[in-house]
Amino acid sequence: MSLLNEPLQFGVAARPARVTLAGAGPGDPELLTVKAANALRAASVVLYDHLVSKAVIDLVPSTASRLYVGKEAGNHTLSQESIIELMIRLARAGRPVLRLKGGDPYVFGRGGEEVQALAAHGIPFEVIPGISAAQGAAAYAGIPLTHRDHARTLVFVTGHLRSEGAERVVDLDWPMLARPHQTVVIYMGVGTLPVICSQLMAHGASPETPAALVERATLPDQRTVAGTLQTLPTLALVHDVRPPAIIMIGGVVSLHEQLGAINVPGTVSLSDG
Ligand code: SAH
């Protein structure tokens with residue numbers, strides 16, 4: 001995209017306009033909050049990420065400028081710094097900005113970093129929460145995040161790889177994540193699923209611990225692949241699961257069999273059972 005190369009000649013307004021950081025939810029446009037939907041309808045400049053579903057973007061008025069700022073794994077259309085810089089320049093020019101982010105802006109979306117930069121530059125901002133992928137996947141795949149028989153602790157973690165010198169590592173608190181009676185939800189973990197499952201088992205989690213992948217949660221083509229820590233990596237390969245997908249681990253995943261099929265008749269559910 002040429003945005004960065006264009007000489008953006010914005011004027012400077014007496015007072016900067018507001019930036020609204022809104023959660024777009026996991027995909028189904030009906031999962032937008034009323035507040036986010038109102039902000040969308042009133043928007044004049046919308047900056048959105050890869051994970052914001054097309055059905056949500058379609059709600060933006062045709063008169064508004066829509067700027068795709070990317071962010072597929074390893075393929076950032078604009079760098080994080082350029083996105084922040086663009087928002088600041090637009091706001092300073094008196095143009096209110098709607099920054100749409102997949103799910104909830106404050107869950108693994110770098111929303112915190114973006115508003116920190118806005119705050120540091122004196123730009124007024126507002127944050128509208130969204131339904132995060134974990135909640136969307138839970139409801140639409142029939143996997144309650146907590147349940148008194150299965151989990152009283154709920155953990156959200158990122159399975160994203162971190163560079164450590166030449167090495168790429170998943171740097172997580174494995175002993176904590178391997179504990180029983182909890183639900184572990186892993187964002188950005190499709191590529192590292194085999195490492196995640198083997199590390200959890202190496203740290204004492206039972207190989208029989210129920211585990212599932214929910215791909216494209218809440219979208220019409222949502223798929224759930226359910227198995228155990230032992231079987232899920234192979235099932236993911238066999239069924240060619242691709243991002244965006246979320247990993248759910250723990251006893252609650254066993255409820256998918258009973259609650260998943262009834263919930264959303266159109267969705268595909270695959271398991272090794
Ligand atoms: N802020 C977002 C998360 C951004 S991190 C939120 O609150 O949901 C990106 C990760 O979110 C993806 O790698 C995937 O693990 C998860 N994700 C986002 N949308 C998803 C969807 N519709 N289905 C499954 N996982 C999704």
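When the alpha carbon gyration tensor of the stretch 134-271 is reduced to an equivalent ellipsoid, the three semi-axes, largest first, read 23, 17, 13 Å. Taking the longest Cα principal axis of the chain as reference, the axis of helix 111-120 is set at about 30 degrees. Taking every DSSP beta bridge that has both ends in the stretch 134-271, the antiparallel portion is near 65%. Along the stretch 135-143 the Karplus relation, 6.51 cos²θ - 1.76 cosθ + 1.60 evaluated at θ = phi - 60°, assigns HN-Hα couplings of 6, x, 4, 4, 5, 7, 9, x, 10 Hz to successive residues, with x for each Gly and Pro.
Charge dipole (Cα centre; +1 on Lys/Arg Cβ, -1 on Asp/Glu Cβ; no other charges) of the chain amounts to roughly 880 debye. Of the residues Tyr140, Val19, His160, the one whose Cα sits farthest toward the positive end of the charge dipole of the chain, with +1 on the Cβ of Lys and Arg and -1 on the Cβ of Asp and Glu, is Val19. The label point for Glu113 and the one for Glu167, both projected 7 Å from the Cα toward the Cβ, are 2.3 nm apart.
Any idea what log10 I(q)/I(0) is at q = 0.12, 0.22 Å⁻¹ for the stretch 2-131, Debye with uniform C-alpha scatterers and no solvent? At q = 0.12, 0.22 Å⁻¹ the computed log10 ratios are -0.40, -1.44. Measuring how big the chain is from its alpha-carbon positions, Rg and Dmax come out at 20.0, 64 Å. Calculate what fraction, in whole %, of the accessible area of the chain sits on carbon and sulfur atoms when a 1.4 Å probe is rolled over the protein chains. Carbon and sulfur together cover 54 percent of it. Using C-alpha pairs under 8 Å with a sequence gap of at least 6, the mean separation divided by the residue count of the chain gives a relative contact order of 19 percent. At a probe radius of 1.4 angstrom, the accessible area of the chain per residue rounds to 49 square angstrom.
Length available on full extension from Thr33 to Arg66: 0.36 nm per residue minus the Cα-Cα distance, which gives 9.9 nm.
The values are calculated or read from the model by the stated rules, or taken from the named source; none is laboratory data. The model shown is predicted, which means the values in this text are computed figures rather than measured ones. Quick reminder, even Gly has a Cβ in these numbers, built from the backbone with ideal geometry, and neighbours come from all protein chains shown. Note: accessible area is taken over every heavy atom of the protein model, side chains too, but ligands, DNA and RNA are not part of it. Shrake-Rupley method; radii C 1.70, N 1.55, O 1.52, S 1.80 Å.
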